[in-house]
Amino acid sequence: MAAFLDVEKVSKTYGRGGGVVAALDDLSLQVAEGGIFGLLGPNGAGKSTLLRVVLGLVHPDKGSFRLFGKSLREAPGVLRSVGGLIETTRLYPFLTGEETLSVLAGYAGVSCPGPERRALLARVGLEEAAGRRVGGYSLGMKQRLGIASTLIGHPRAVVLDEPTNGMDPVGIVEMRDLFRDLAERDGVTVMLSSHMLDEVQRVCDHVAILHRGRLAASGAVAELIGGDHLLLDIRPVEEACRLIGDAARPQPDGRIKVSITRDEAPRLLSRLTAAGLELYEAKWQGRDLERYFVGLVEEGGDDR
Ligand SMILES: Nc1ncnc2c1ncn2[C@@H]1O[C@H](COP(=O)(O)OP(=O)(O)O)[C@@H](O)[C@H]1O
Ligand SMILES: [Mg+2]
């Protein structure tokens with residue numbers, strides 16, 4: 001499948017003289033089409049800058065990027081197939097939610113008739129607030145309206161900067177479902193940034209971790225979390241180790257650490273119990289993204 005995004009050696013520096021900040025430092029990154037891609041990093045890592053670059057809002061000092069295989073110079077129209085939300089959309093407090101979509105569609109030169117506007121608002125849970133003035137919306141509602149606005153004109157991809165900012169836990173779960181639905185049902189590529197690890201871990205298929213404008217790691221969430229093993233409390237230990245073979249590592253506490261994949265687990269467990277061993281406990285122990293992420297950030301030294 002074609003790449004949604006291909007970033008090649010992009011650098012972007014802000015400021016001058018002693019106050020220079022390299023927001024992006026020779027960054028290369030690919031995002032495949034389809035699925036949900038998470039851009040993860042602590043505050044100041046360069047996430048918003050990268051998304052601004054990708055949406056053509058900031059010009060990189062160096063490097064290039066392509067959207068669906070095309071540079072903006074070759075094909076500026078490619079931006080029409082990408083919806084973008086950077087920070088909260090500038091909203092007019094005196095317009096209603098529905099009027100806002102109408103105005104934003106007008107700016108984009110796209111038609112978004114009434115039924116479609118209402119369908120978009122329903123999709124982000126703003127059905128009842130459609131006719132209310134945006135000035136009275138909560139931050140979370142404004143954020144939802146912003147997300148709805150990125151869907152105007154049926155984009156092939158949406159780029160969302162910290163989309164769940166300001167939302168309550170229920171709202172976050174709803175947005176998570178919406179992102180999955182967009183990716184799975186509508187085939188829209190979703191690229192979102194977040195400084196919240198568990199958010200990315202829960203919703204994204206692939207992730208890139210940014211740290212000080214550089215790529216600290218990238219890959220499938222399942223791979224980055226990787227290093228899973230099954231921890232068994234089983235007796236007798238020696239007999240279990242013999243049956244499991246090389247994958248077994250006895251622990252000082254008497255348990256056994258087994259390096260296998262999830263798919264292999266049911267067969268191994270039934271083999272062990274069928275052999276008459278007594279299984280008291282079996283649980284997965286993984287290296288979650290959080291520990292991985294914190295480790296990376298600590299390796300990188302202090303924050304600037
Ligand atoms: N318009 C700007 N002017 C000066 N510095 C900026 C500007 N935008 C971002 N920066 C700096 O660039 C770095 C990266 O910022 P940003 O891309 O907003 O990171 P993130 O979104 O990951 O928090 C930070 O050090 C930030 O202070
Ligand atoms: Mg940001």
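What follows draws every value from the coordinates through simple rules; no lab data is involved. Keep in mind that this is a model prediction, so the values were computed, not measured. Note: ideal-geometry Cβ built from the backbone for every residue, glycine included; neighbour counts use all protein chains shown.
Assorted remarks:
- Screening the chain for whole DSSP H helices with an alpha carbon extent of at least 20 angstrom along the helix axis and a mean Kyte-Doolittle hydropathy of at least -0.5 yields 169-184.
- Cβ crowding within 10 Å averaged over residues, with 197-205, 34-42 ranked highest first: 34-42, 197-205
- Principal axis extents of the C-alpha atoms in the chain (largest first, rounded to whole Å): 72, 51, 35.
- Trypsin sites (Lys or Arg not before Pro) restricted to segment 1-62 and DSSP loop, no more than 13 other C-beta within 10 Å: 16
- Counted over all Cα-Cα pairs of segment 228-285, pairs farther apart than 16 Å make up 29 percent.
- Positive minus negative residues near residue 148 (Lys, Arg vs Asp, Glu; Cβ under 9 Å): +3
- Put a plus charge on the Cβ of each Lys and Arg, a minus charge on the Cβ of each Asp and Glu, and nothing anywhere else: the dipole of the chain about its Cα centre is then about 860 debye.
- Straight-line cross-link partners of residue 70 among the aspartates and glutamates, defined as a Cα under 12 Å from its Cα and at least 8 positions apart when in the same chain: 6.
- The mean of 1/r over all pairs of different alpha-carbon atoms in segment 46-154, once inverted, gives a Kirkwood hydrodynamic radius of 14.9 Å.
- As a length-normalised measure over Cα pairs under 8 Å and 6 or more apart, the relative contact order of segment 228-285 settles at 53 percent.
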